[in-house]
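The structure appears right after this line, and notes come after that.
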Amino acid sequence: MREVSILQLWGRAWDLFKVNWLLLVGLSVIAIIVTLISLISALLAEILLWLALIVALIAGILLWSALVRAGYLVARQGQSSSGEVFGDISLLLEVFVYYLILTLIPGILIGYGYMLVRAALDEALREVAYGGMRGSMVSTGTGDTLVLVGYILLFILYLFGWAGPYAILSGRAGISSAIGQSFSLTWQNFSKVFVALLSVIGLLILGLLLLGLGLLMEVPILIVGGEYLYGLWLLVVGAMASVFLPLLYLALTGEEGASHA
């Protein structure tokens, strides 16, 4: 593997993002909007639940998976287009199934945990309304534990399984073998991968810290449009990360990747 620092990878990701920002940000925005519409529909009317779930499924297959492929194509060849990204639907399906397998158990734990927490809180509210302060005795401990365990498991599985989609997109592996390849690649380069993923998380958190600092220092632009600026920050960092991660994969597997478009 050619030695490439995390900082260099981010620099290359930024250069590629500047050339392909419309594709990457556009896919991100559309995926977010469609997913939010589906979730809101499910909350507002149970009769729309199945329709909302179908729309969310389509968003997951065709949009989030497409963003992953777009980032990989940009990282590999410098530029891409929506036609190229959606040119092979079977690849998008494979990426979607991979993520579904990887996140299924943590997702169940987190979802069930939130259900228990909500049920406990609803019960507490009813007790407070009809029985004085007895609702304060209701515990959400089991639900909180399941949610915490689910998020920890999700982080561990993503830490070792992050490279699977790129193994699929490169043609090196199918869905099942991609899991093994990703775990092996991460184990062999654990410190570099761990620092790389922490850098992604750190950049996402940095926007929130900057917003808080701006509010404390009473910086006008952050006070007036802070939430919008933070949303824009997340959007840009997320789009850059979609290029940064496949660049990391290409470096770890000994491939050059695109240095500029």
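Looking at this structure, is ILE221 aliphatic (A, V, I, L, M), at pLDDT 95 or above and assigned to a helix (DSSP H, G or I)? No, not satisfied. Candidates are the residues of region 148-185 that are more than 19 Å from ALA196 (Cα to Cα) and of a type in the set (S, T, N, Q); the one that is surrounded by the fewest Cβ atoms within 10 Å (Cβ to Cβ) is SER176.
So, of the residues in region 228-259 that are among the aromatic types (Phe, Trp, Tyr) and at pLDDT 85 or above, which turns out to be farthest from LYS18 (Cα to Cα)? Checked region 228-259; the qualifying residue farthest from LYS18 (Cα to Cα) is TYR249. Annotation note: of SER177, SER182, the sole residue that is without any contact (Cβ under 8 Å) to a residue 12 or more places away in the chain, closer than 23 Å to ARG69 by Cβ and over 16 Å from the mean Cα position of the chain (by Cα) is SER177. Within region 1-46, the residues that satisfy the criterion of being closer than 26 Å to ALA75 by Cα, charged (D, E, K, R) and modelled with pLDDT under 75 are ARG2, GLU3. Would you check which residues across region 158-173 are closer than 16 Å to SER65 by Cβ and assigned to a helix (DSSP H, G or I) and list them? Residues satisfying the conditions are TYR158, GLY161, GLY164, PRO165, TYR166, ALA167, ILE168, LEU169.
Among the conditions (1) at pLDDT 90 or above; (2) closer than 29 Å to ALA196 by Cα, GLY111 misses just one, which is (1). Against the conditions (1) in contact with an Asp or Glu (Cβ under 7 Å, 6 or more places away or on another chain); (2) at pLDDT below 90; (3) closer than 23 Å to ALA59 by Cα, LEU73 satisfies every one except (2). Within the option set SER191, SER176, SER199, SER184, being assigned to a helix (DSSP H, G or I), within 20 Å of PHE96 (Cβ to Cβ), polar (S, T, N, Q) and at pLDDT 85 or above holds for one residue only, SER176. When the helices (runs of 4 or more DSSP H) confined to region 63-132 are screened for residues that are over 25 Å from LEU9 (Cβ atoms) and free of Cβ contacts under 8 Å to residues at least 24 places away in the same chain, those reaching at least 1 such residues are found at 82-85, 89-131.
The values are calculated or read from the model by the stated rules, or taken from the named source; none is laboratory data. Every value quoted in this text rests on a predicted model; they were computed, and no experiment measured them. Note that we place each Cβ from the backbone using ideal geometry, even for glycine, and neighbour counts take in every protein chain shown.
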